[in-house]
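All remarks here apply to the structure that follows.
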Amino acid sequence: MHERNTPLSAESITVSVESTGPVTRQLSVEVPEQRVGALRNEIVSEFRRHARIPGFRPGKAPLPVVEKNYQGEIRQNLVERLIRETIGEAVEQVEGRVLNVVDIQPDEATDAGFRYVATVEVPPEVAPKGYKKLKLQRPVGEVGDEQVDRVIDDLRERYAAWRDAAEGETAAEGDRVKLTYTAYDGDEPLEDGHVEGYEAQVGAGQLHPKFEDGIIGATAGQDLEFTIEFGEDDAPSDALKNRTVRFVVHVDELKKKELPEADDAFAAQLIPDTDLAGLRARIADDLRAAHQREADAALRDQAVEQLLEKHEVDLPEGAVRQRQESIARDSASRLVQQGYPAEAVKGLLPMMFEDARGRAENEMRAAFVLSAIADAEGIEVSDEDVEAELRQQAEAMGQPAEQILARARSEGHFEDLRSSLRNQRALDLVISEASVKDIPLEKYREQMEKRQQEAAAAQQE
């Protein structure tokens, strides 16, 4: 424990700091009677200006009368302002950085002064180790004619046109059909078994596989009749399990997909004034850029994962919950932007909050470990570096840079961004000193998919 005095504009406060755990400190704060009395008089005078007391004109009631009539409100206002005006300077007495104030317990403000106890969270002490010469895998994707052809084929599918089937053309996988049908149990129509104008794409999982088998090969306008024996596991509903159903189907429409030719005209449709060679070059550049982003992300993810495996980190609960809330709010905001009803998304917030716990913990652990590495390596980020990053963000958002800079400083984001950039430089250093082995991109993706499946299976157990 240590005790220090902090000068105020009028009188000083006394702060005692006690360590109550790896990431918590308890501050015992004393505000002297002179300061309490001066602020009390100021608050009483403020109440007097607006007080409505029978027998006195507004603003003319004697101060003792005002204090007697509004003693509860004055007391509450006094305590709130004493804490608000002193907590910042009290926090400055804690060595190092304070993450947040998690609790304040005030005593009664009296003529003898005012006391309160505040609990704050601080970063855990982390001794960085084993962060040099990590073994990382860098996914490397090939970009050649085959990869470019696949992208062009996808684009042709996206820009395909649909035409009515010509006479004699039959339904096949990939076609669109519009169907009117009735399902029968023997000669009796099933309840809700009549459907008109149902549209689906054959082979896209929109129709039951056995039903698709019955319509493949049909022509537009054709009447069909076929029987399906549904089992225990492949029935589309419980009502149809282990039943034989007869379907009478009319093919209202049959449409065929027409893919555009991969030529200069198609390229110009996608990018004005571009021929097919230019489109292929653009696709190749985009693929290489995407592969580079994926490789960079893979190296960062692997490095962070290995760093977390090497370090035990005490986590401040309040800071973790704040991060959880932030992640949940961001997820909810994205859903609303995608068109989901705001009320429905609001109902999902508790679940989103719980789901965000693991991610919040890992992000906090990583931040504390990287900060410790930055300390060990003497990594610093200047004001100019932070301003340059904010100016880039302002340009990307199309907003005035000075406005973004002013907001960042006033809302505390400036220092948060400094910490983020510092940690990023520490991670860049870790990766630059790692032993990196190149592996094929597809193999890396297979590894990641397998790990995700294993993690999902473990969660369900």
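Remark: pairs (first residue in the range 118-141, closer than 23 Å to GLU312 by Cβ; second residue among the aromatic types (Phe, Trp, Tyr); Cβ separation under 6 Å; 6+ apart in sequence or on different chains) = PRO123/PHE368; PRO124/PHE368; VAL126/PHE368.
The criterion of being surrounded by 15 or more Cβ atoms within 10 Å (Cβ to Cβ) and out of contact with any His (no Cβ under 9 Å at 6 or more places or on another chain) does not hold for LEU224. Screening GLN147 with (1) closer than 30 Å to VAL313 by Cβ; (2) within 34 Å of the chain's Cα centre (by Cα); (3) surrounded by 15 or more Cβ atoms within 10 Å (Cβ to Cβ); (4) touching a residue at least 40 places away in the same chain (Cβ under 8 Å) gives one miss only, at (1).
Please determine whether any residue of the range 156-179 is more than 15 Å from ILE215 (Cα to Cα), basic (Lys, Arg) and touching a residue at least 40 places away in the same chain (Cβ under 8 Å). Looking through the range 156-179, at least one residue is more than 15 Å from ILE215 (Cα to Cα), basic (Lys, Arg) and touching a residue at least 40 places away in the same chain (Cβ under 8 Å).
May I ask you to list the residues in the range 430-441 that are surrounded by 11 or more Cβ atoms within 10 Å (Cβ to Cβ) and either part of a helix (DSSP H, G or I) or not charged (D, E, K, R) (or both)? Before you say what the answer is, go through the steps one by one.
Taking the range 430-441 as the starting set, the residues that turn out to be surrounded by 11 or more Cβ atoms within 10 Å (Cβ to Cβ) are 430-431, 433-434, 436, 438-441.
Residues satisfying the conditions are VAL430, ILE431, ALA434, VAL436, ILE439, PRO440, LEU441.
LEU39: modelled with pLDDT of 90 or more and over 40 Å from the mean Cα position of the chain (by Cα), yes or no?
Working: modelled with pLDDT of 90 or more: yes; over 40 Å from the mean Cα position of the chain (by Cα): yes.
The answer is yes for LEU39.
At least 1 residues being assigned by TED's automatic domain parsing to the domain that holds PRO22 is the threshold, and among the helices (runs of 4 or more DSSP H) wholly inside the range 338-429 not one reaches it.
Would you call VAL345 without any contact (Cβ under 8 Å) to a residue 40 or more places away in the chain and hydrophobic (A, V, I, L, M, F, W, C)?
On the way: without any contact (Cβ under 8 Å) to a residue 40 or more places away in the chain: yes; hydrophobic (A, V, I, L, M, F, W, C): yes.
In short, yes.
Taken together, THR182, THR219 contain a single residue that is surrounded by 13 or more Cβ atoms within 10 Å (Cβ to Cβ), touching a residue at least 60 places away in the same chain (Cβ under 8 Å), farther than 30 Å from ILE283 by Cα and of a type in the set (Val, Ile, Thr), which is THR182. The set of residues in the range 190-216 that are surrounded by 13 or more Cβ atoms within 10 Å (Cβ to Cβ), among the small types (Gly, Ala, Ser) and either farther than 15 Å from THR180 by Cβ or touching a helix residue (DSSP H, G or I) at 6+ places or on another chain (Cβ under 6 Å) (or both) contains only GLY203. When residues in the range 147-184 are screened for being within 27 Å of GLY221 (Cβ to Cβ) and of a type outside the set (S, T, N, Q), 22 of them pass.
Let's see how each residue does on (1) at pLDDT 95 or above; (2) within 30 Å of VAL148 (Cα to Cα); (3) basic (Lys, Arg); (4) surrounded by fewer than 14 Cβ atoms within 10 Å (Cβ to Cβ):
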position	(1), (2), (3), (4)
SER237	no, no, no, yes
HIS250	yes, no, no, no
LEU254	yes, no, no, no
ALA268	yes, yes, no, no
GLN292	yes, yes, no, yes
GLN306	yes, no, no, no
TYR340	no, no, no, yes
LYS346	no, no, yes, yes
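A single member of GLY96, GLY88, GLY55 is over 22 Å from ARG40 (Cα atoms), within 34 Å of the chain's Cα centre (by Cα), exposed (fewer than 14 other Cβ atoms within 10 Å of the Cβ) and of a type outside the set (Asp, Glu), and it is GLY96. Free of Cβ contacts under 8 Å to residues at least 24 places away in the same chain and part of a loop (DSSP other than H, G, I, E, B) - does that describe any residue in the range 285-298? Among the residues of the range 285-298, not one is free of Cβ contacts under 8 Å to residues at least 24 places away in the same chain and part of a loop (DSSP other than H, G, I, E, B), which makes the answer no.
The values are calculated or read from the model by the stated rules, or taken from the named source; none is laboratory data. This is a predicted model, so every value here is computed, not measured. Using ideal geometry, Cβ is built from the backbone for each residue, glycine included, and neighbour counts are taken over all protein chains shown.
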